[in-house]
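The values are calculated or read from the model by the stated rules, or taken from the named source; none is laboratory data. None of the values given here were measured: they were computed from a predicted structure. Here the Cβ is made from the backbone with ideal geometry for all residues, glycine too, and neighbour counts use every protein chain on show. For accessibility, only protein heavy atoms count, side chains too; no ligands or nucleic acids. Shrake-Rupley method; radii C 1.70, N 1.55, O 1.52, S 1.80 Å.
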Amino acid sequence: MDPKTFTLSRRAALAGIAALPLVGCGGGSSGTTPAPVASPPPPPPSAGPTGVPQPGLNAIAARGGRRFGSAIASTPGNTNAGSIQNPAYTAIIKGECGIVVPENEMKWQAVRPSPTAYNFDRMDEIVGWAQREGAAVRGHTLLWHRPQWFPNWLNTYDYGANPVQEAERLLTEHIQTVTRRYKGVITSYDVVNEAIDHDRNAPIETSMSRAMGSPEAVLDLAFHTARAELPDAQLVYNDYMSWEPQHQKHCADVLRLLEGLKKRGTPVDALGIQSHIEIFAIDPATGVGPYAEREWRAFLDEVTGMGYRLLITEFDVKDKALPANIAQRDEKVADFARRYFELMLDYDAHLDDVLAWGMVDRFNWLQGFDPAKRADGQEVRGTPYDSQYRAKPLRSALANVMAAAG
């Protein structure tokens, strides 16, 4: 049976999980393209859950023609996580989000345990849950082009006597396998994530780029392969440059990268702006973190001037320099986010979906990110809901600024 045209049974479609065995750790024959996940009609939207303000953030964002969403995980056997297995967390996601993105479950480390095997178990669980709830899914990521985020086997891979041909085969097969599996389900992909070497101010080298001759060859092939598989999908380059003054060199590097992609005719539709905004110091003039508004606008003007769309893909706030007092800290986080979103929504005509990188403080990745950790040992309060699943001033700020823009 041709996996491209495989149609799920009604029961499997309702579950959102492919009916055929998966290739990977759970068994099955290696070297085979797994069956795609079909897209059943979404159910009608449900009423907002208790404790989630209404209208939800997605309903507010929709007034401006965009969706609001969040990262989510799959943690089988663990209901105390920012995952589909946690009913308290999913109540927030269902009430606030129209789109979700896998936090780690689509990265090579998760789906590619070896050169010849795939494991889509956890990614399929997220897709199945989203389909049952009528939520869209973004793809993150087809290629995180940094050695520290490659699986170990890829960093030491033997590309053989014809390294260019073997590297091209490996990358092409990976992108084809992932995109074919979720064809008709995922229509926006972070094709490449974080490809800048900040020591060299140039695209980063990896085992794959050395085999193919240059990082640019890898990036171009990734996007061309994705476009061949998904002619109508939104193909995104995703990175963490931001509006803080310390990010200006990174912004310049990203502009050079985007200019090169454009000149080479590489099919990139949009720039994903991660938006992990930072309060690592206090600007006395504003009482929040320093930000370079003029320079950030100039950056966005250049990006949109080249014809790229914009997405906010991984929003949260680092509150390291703010006081320990919760009420004061939450107010300042909300104020900083309001300023950022007011600026970003000035680019309303170019801005598509907005996603947070998690909705509840305790599950936010910043709790384990050393540069963001607070000296007082308190939790980072950088998401819209606190660790008791209660909406915070940040949530109100997002709702108000998107409502004003819509």
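Structural remarks
- Residues that are of a type in the set (Gly, Ala, Ser) and assigned to a loop (DSSP other than H, G, I, E, B), drawn from the range 387-406: Ser387, Gly406
- Among the residues of the range 229-243, the one identified as acidic (Asp, Glu) and assigned to a strand (DSSP E or B) is Asp239.
- The number of residues in the range 347-363 being in contact (Cβ under 8 Å) with a residue 12 or more places away in the chain and under 29 Å from Leu255 (Cβ atoms) comes to 11.
- Complete set of residues in the range 51-71 that are out of contact with any Phe, Trp or Tyr (no Cβ under 8 Å at 6 or more places or on another chain) and either among the charged types (D, E, K, R) or within 17 Å of His140 (Cα to Cα) (or both): Arg63, Arg66, Arg67, Phe68, Gly69
- Checking Val137 against (1) of a type outside the set (Phe, Trp, Tyr); (2) touching a residue at least 24 places away in the same chain (Cβ under 8 Å); (3) open to solvent by 50 Å² or more (accessible area, probe 1.4 Å), the condition it does not meet: (3)
- Qualifying residue in the range 207-218 (condition: surrounded by fewer than 18 Cβ atoms within 10 Å (Cβ to Cβ), out of contact with any His (no Cβ under 8 Å at 6 or more places or on another chain) and closer than 24 Å to Ile277 by Cα): no
- Within the set Pro87, Pro151, Pro115, the sole residue that is closer than 27 Å to Arg395 by Cα and at pLDDT 95 or above turns out to be Pro87.
- Of residues in the range 54-99 being farther than 14 Å from Phe363 by Cβ and β-branched (Val, Ile, Thr), the one nearest to the chain's Cα centre (by Cα): Ile99
- Restricted to the range 99-114, and to residues there that are surrounded by fewer than 22 Cβ atoms within 10 Å (Cβ to Cβ) and in contact with a Gly (Cβ under 7 Å, 6 or more places away or on another chain), the residue that is nearest to Gln131 (Cα to Cα) is Ile99.
- For the range 364-385, a residue qualifies if it is in a loop (DSSP other than H, G, I, E, B) and over 19 Å from the mean Cα position of the chain (by Cα), and the qualifying residues are Lys373, Arg374, Ala375, Asp376, Gly377, Gln378, Glu379, Val380, Arg381.
- On the stretch given as the range 290-329, residues that are closer than 30 Å to Leu235 by Cβ and of a type in the set (A, V, I, L, M) total 9.
Rundown of residues vs (1) surrounded by fewer than 21 Cβ atoms within 10 Å (Cβ to Cβ); (2) touching a strand residue (DSSP E or B) at 6+ places or on another chain (Cβ under 8 Å); (3) of a type outside the set (Gly, Ala, Ser); (4) under 30 Å from Val100 (Cβ atoms), yes/no style:
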| residue | (1), (2), (3), (4) |
| --- | --- |
| Asp239 | no, yes, yes, yes |
| Lys249 | yes, no, yes, no |
| Gly265 | yes, no, no, no |
| Ile273 | no, yes, yes, yes |
| Phe280 | yes, yes, yes, yes |
| Thr286 | yes, no, yes, no |
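- Among the residues of the range 69-85, those that are closer than 14 Å to Ala130 by Cα, out of contact with any Cys (no Cβ under 9 Å at 6 or more places or on another chain) and crowded, with 20+ Cβ neighbours inside 10 Å comprise Ala71, Ala73, Ser74, Ser83, Ile84.
- Whichever residue in the range 115-128 is open to solvent by less than 20 Å² (accessible area, probe 1.4 Å) and assigned to a loop (DSSP other than H, G, I, E, B) and, among such residues, is nearest to Gly139 (Cα to Cα): Phe120
- Options Glu229, Glu194: the member that is over 24 Å from Phe68 (Cα atoms) and either touching a helix residue (DSSP H, G or I) at 6+ places or on another chain (Cβ under 9 Å) or open to solvent by 10 Å² or more (accessible area, probe 1.4 Å) (or both): Glu229
- Filtering the range 306-325 to residues that are open to solvent by less than 70 Å² (accessible area, probe 1.4 Å) and either more than 18 Å from Met241 (Cα to Cα) or without any contact (Cβ under 8 Å) to a residue 40 or more places away in the chain (or both) leaves Gly307, Ala321, Leu322, Pro323, Ala324.
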